[in-house]
Structures are given as C-alpha cells and as structure tokens.
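In what follows, a structure is listed as structure tokens, so that the remarks can point back to it.
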Amino acid sequence: MASIELKDVDFEKISRFVYDLCRINLHEGKKELVKARLGKRLREGNFKSFSEYYHYVTTPQGSDELIVMIDSLSTNLTYFFREVEHFQKLREILPGMASNNARISKLRVWSAGCSTGEEPYSIAMTLKELFNSNQADIKIIASDISTKVLNTAVRGVYPDEKVKNISPFLLKKYFQVGQGNWQGYYRVKKELQEMINFIRFNLVENLQYSDPFDIIFCRNVMIYFDKTTQANMVNKFYDYLKNGGYLFIGRSESLTGLNHQFAYIEPSVYRK
C-alpha cells in the first residue's frame, strides 16, 4: 500500500495543534517521524489523508484517537538505572536531607515523564535499600502523557533484555521470575508497585498535589520542548519542591539559558 503524502500545510496544522496541546515541539526535522507514526494510524482507521485525520482528532468524536495520536508521537526510550550516576547521587544526598540527623520519616518523589516505568521502579529500589519503608512514609508519583506507556508501567512486566542493568541481588529481591508462557520475563513485586502512583499528566498543566516534593526527576524530557516551555516547566518544578529539594534532569540537558532560581550542584543536578 502506497504511503499517504504528508503535505506541508497538514504537517503545520498537526505540529501547531500538538504544540498548543502539550508543548511538544515538532519542528521541520520531525516531519518524517510524524508521517511514519501517524501514517500507521491513518491506515488502521481508513483515513484517506492527513487532513481528514487532523479534522477527526480535533472533534469530540475523535477524543480517544487524540490520546492515541499523542501516544504515537511521544518518544519513549528508557531502561532501569539509566544514567546510573543519578542513583549514586540519590544515595549520597538522601541521608543529609534528614533534619538534625534524624531518620527520614516522610519522603515524596516525582518521576515526571516516567515512560514505561523503569525510572520510578529504579528510584523505588534505591529508596527501599536506603530506608525501612515499613517505618518511613515513602511515596513516588510517576507521570506521563502517554496512556500506552503507563499501562506497561502499571503492569510492571519486562522482558529479560530490559532488566540487564539490574544487579542480580536487586533482581532477585524485587522481581518475580516468569514461568511457563512467561519465561524470559520479570514482574515487579507488589512491595515496589505499592510505593508508586502512576498517573496520566500533561507537564504543561498544573499538578494537584498535597505535599511538596523532596526530589523531582525530569530526565531527557525537556529536549522535546522549546525554551519558553522549558523555563515555565522548570519554574513549576521549583514551586513544587520543598526548600532544599533536588531536581534531576538528563545528563545531556542543562538549565543554562533559562531564567530560574535553582542552585547548581553538579551537571544535571540542581537544588532549591
């Protein structure tokens, strides 16, 4: 079947619509990605053109397909203990965050742009190893705009190639080994899953939360947004954090050039 042409006018409409909705910056270099990913949706939905598809997702009847469209355009690449230096830093800073050398009794962490769950589960394992979570009140909010990746995260089932960065000790302690038809898969144990609340959330919106966060991870997410959106996002993170709280961004990212109040600690680590 011949591919459907993505005309410049339709690409501009789609990219503007996506930007207005969730601030994802689909610049000209993303045109082939949009054509490939949405072209599949056109074929499956029997749409004759990108123009027809665009019109459909902007109507009330197309609200479900709109979510699928955003899922399709969200790039999700992650793995357990990605950028391991951040988890080493986490182990280093957490004991010092307790006041007067007291034990931390309550901890709130946000994994913003959590994708398929590897990041929040990695955070959860790190915290479990640091604290007795039966005594400490530890909660992790994990959010993403994609319902597809969130479904994977909630299930907590991963093929063996996904868990290769987890030490044998942690793998045995926090995962169940698949048997029979599930051979070659690992399932996150309930004790980790209960630490995490997975939610669908658009980062350009305002998060409704009761407790300020001690730590926010937003790694390799801001690269998809323009500078104005990045600055707005970073300043929201500042407001969401406790005094002394930490923001972790991707190792290839920087807050340079953005107007913000964070104190620089080291590359990709900032403090309120």
- prompt: Based on DSSP H runs of at least 4 residues, each adding -39500 (n - 2.57), what is the mean residue ellipticity at 222 nm of the chain after dividing by all its residues, to the nearest 500 deg cm²/dmol?
  reply: -11500 deg cm²/dmol
Net length gained if the chain between LEU258 and ASP137 were fully extended (0.36 nm per residue, minus Cα distance): 40.2 nm
query: In debye, nearest 20: dipole of the range 5-129 around its Cα centre with unit charges on the Cβ of K, R (+) and D, E (-)?
result: 320 debye
- prompt: Between the range 1-24 and the range 210-272, how many Å separate their Cα centres?
  reply: 29 Å
query: How large are Rg and Dmax for the range 1-125 when only the alpha carbon atoms are used, in Å?
result: 20.8, 68
- prompt: Any idea how far apart SER3 and ILE265 come out in nm if each label point goes 7 Å out from Cα toward Cβ?
  reply: 4.4 nm
message: Per-residue counts of other Cβ atoms within 10 Å, averaged by peptide: what ranking do you get for 89-95, 181-187, highest first?
response: 89-95, 181-187
field: Amide hydrogen neighbours beyond the local backbone of ILE138, cut-off 5 Å, H modeled
entry: LEU107
message: Give me, ordered by chain and number, the residues 5 or more places off PHE175 or on other chains with an amide H under 5 Å from its own placed amide H.
response: LYS189
- request: Starting from the Cα of LYS48, step 7 Å along the direction of its Cβ; do the same at SER210; then give the gap between the two resulting points in nm.
  value: 5.4 nm
message: Not counting ligands, DNA or RNA, and with a 1.4 Å probe, what is LYS30's accessible surface area in Å² rounded to the nearest 10?
response: 50 Å²
field: Residue-count net charge about VAL57 - beta-carbon cut-off 11 Å; Lys, Arg +1, Asp, Glu -1
entry: -1
message: Given bins 10 angstrom wide, list per bin the percent of all Cα-Cα distances in the range 226-268, short to long.
response: 26, 63, 11
- request: Report, in debye and to the nearest 20, how large the dipole of the range 87-229 comes out about its Cα centre when Lys and Arg carry +1 and Asp and Glu carry -1 on their Cβ.
  value: 300 debye
query: Taking N as the number of residues in the chain, what is its Cα Rg relative to 2.2 N^0.38 Å?
result: 1.09
- prompt: What does the convex hull of the alpha-carbon atoms of the range 135-216 project to on average, in nm²?
  reply: 7.1 nm²
statement: Highest GNM mean-square fluctuation among THR78, THR228, THR59, for the chain with Cα springs under 10 Å, belongs to THR59
- request: Quick one: of LYS148/LYS172; LYS148/LYS190; LYS7/LYS48; LYS89/LYS272; LYS89/LYS128; LYS13/LYS236, which pairs are farther than 18 Å apart, Cα to Cα?
  value: LYS148/LYS172; LYS148/LYS190; LYS13/LYS236
- request: Kindly write out, for the range 201-218 in residue order, the coupling ³J(HN,Hα) from the Karplus curve 6.51 cos²θ - 1.76 cosθ + 1.60 (θ = phi - 60°), rounded to whole Hz, with x marking Gly and Pro.
  value: 8, 8, 5, 7, 8, 9, 6, 8, 9, 9, 10, x, 8, 7, 9, 10, 9, 9
- request: Count the DSSP beta bridges whose two residues both fall in the chain, then state the antiparallel fraction as a percent rounded to the nearest 5.
  value: 40 percent
field: Residues of the range 228-247 with amide N under 17 Å of the 7 Å Cα→Cβ point at LEU130
entry: 241-247
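The values are calculated or read from the model by the stated rules, or taken from the named source; none is laboratory data. For clarity, every value in this text was computed on a predicted model and none was experimentally measured. Note that each Cβ is placed from the backbone with ideal geometry, even for glycine, and that neighbours are counted across all protein chains shown. The protein model used for the area step is the full one, side chains on, heavy atoms only, and it has no ligands, DNA or RNA in it. Shrake-Rupley method; radii C 1.70, N 1.55, O 1.52, S 1.80 Å.
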